[in-house]
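The values are calculated or read from the model by the stated rules, or taken from the named source; none is laboratory data. In this text, all values refer to a predicted model and were calculated from it rather than measured experimentally. Glycine also receives a Cβ, built like all others from the backbone with ideal geometry; neighbour counts cover every protein chain displayed.
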Amino acid sequence: MSPNELRVLLLIVGVFVLIGIYYFGRPNKPSKRDRRDRAYGRQEPWLNPEEGEDGENHAADEYADTDADLDDPVRYFPDEPEPAPAPAEPMPGERPDVDFDRIVTLFLLARDGGSIAGQDLVVAAEKAGLVFGDKCIYHRLIDGRPDQGPIFSVANLTEPGSFELSAMEKLSTPGVCFFMTLPGPLSALEALDTLLPAAQRMAELLDAQLLDEERNALGRQRILSLRDEMRQYDRQQAQETMTL
């Protein structure tokens with residue numbers, strides 16, 4: 001073999017060696033599944049599908065967080081608004097935000113400086129058509145229209161003027177105060193005609209004295225005078241309404 005032929009042969013062998021190194025020495029190309037798993041950070045389980053080298057079940061741990069998420073709907077619907085709380089119902093006797101320009105008061109006092117027992121007061125108030133409500137006192141409401149506010153209210157003469165229902169059996173008070181604010185849900189005369197029978201009924205049930213705003217005995221003459229005052233008040237209200 002001539003030297004030229006030997007060089008050609010060596011050149012051909014060298015080319016085949018380079019081709020073999022290129023094809024057989026390069027790393028294997030990852031499959032689509034391998035690329036997808038790497039992109040989402042997934043790891044294949046160990047050779048033992050039940051336990052890894054540290055004795056833990058890595059295949060099961062891989063889906064542990066996903067199973068926990070399924071039990072927590074808040075993580076899947078974080079922006080879902082919470083249901084709005086139901087609006088609080090007004091207390092019986094709560095007065096609307098309306099200015100008043102007159103207060104009519106009457107007093108009910110125990111006789112001979114005595115006292116009225118709390119339990120007797122509860123029974124008398126219920127029989128007179130009163131309900132316990134706002135400010136922890138009693139109120140007379142319009143039948144079927146409690147949202148209009150009280151016609152009149154009844155407070156305790158003992159400070160602070162309220163009643164504690166849970167302690168009524170221990171209550172002993174010298175008396176109570178009836179009061180109505182004007183203007184109210186009824187005309188002044190209608191309100192007075194509602195107040196007087198209720199106050200007189202409680203006076204009978206409790207064997208107590210009914211007094212006017214100056215703590216004088218509420219007689220027939222004073223009742224007639226009060227009714228005239230209420231008529232005059234209603235006329236003034238009507239005139240003011242017409243001028244508006």
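Exactly one residue out of Ala68, Ala86, Ala59 is loosely packed, with under 10 Cβ neighbours inside 10 Å, at pLDDT below 65 and hydrophobic (A, V, I, L, M, F, W, C): that is Ala86. Of all residues in region 118-138, none satisfies being at pLDDT 95 or above, in contact with a Cys (Cβ under 6 Å, 6 or more places away or on another chain) and within 24 Å of Glu204 (Cβ to Cβ). Looking at Leu109, Leu186, just one residue is over 33 Å from the mean Cα position of the chain (by Cα) and outside any helix (DSSP H, G or I), and that residue is Leu109.
Identify the single condition in (1) surrounded by 14 or more Cβ atoms within 10 Å (Cβ to Cβ); (2) in contact (Cβ under 8 Å) with a residue 24 or more places away in the chain that Arg222 does not satisfy, given that it satisfies every other one. The failed condition is (2).
Residue-by-condition table, conditions (1) free of Cβ contacts under 8 Å to residues at least 12 places away in the same chain; (2) over 17 Å from Thr105 (Cα atoms); (3) in contact with a Phe, Trp or Tyr (Cβ under 9 Å, 6 or more places away or on another chain); (4) not aromatic (Phe, Trp, Tyr):
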| residue | (1), (2), (3), (4) |
| --- | --- |
| Asp143 | yes, yes, no, yes |
| Ala155 | no, no, yes, yes |
| Leu186 | no, no, no, yes |
| Met202 | no, no, yes, yes |
| Gln209 | no, no, yes, yes |
| Thr243 | yes, yes, no, yes |
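On inspection, Gly144 qualifies as modelled with pLDDT under 95, among the small types (Gly, Ala, Ser), under 40 Å from the mean Cα position of the chain (by Cα) and surrounded by fewer than 17 Cβ atoms within 10 Å (Cβ to Cβ).
If you go through region 205-227 and keep only what is in a helix (DSSP H, G or I) and not hydroxyl-bearing (Ser, Thr, Tyr), you end up with Leu205, Leu206, Arg220, Gln221, Arg222, Ile223, Leu224, Leu226, Arg227. Only one of Met202, Met180, Met230 is assigned to a strand (DSSP E or B) and modelled with pLDDT of 95 or more; which? So the residue among Met202, Met180, Met230 that is assigned to a strand (DSSP E or B) and modelled with pLDDT of 95 or more is Met180.
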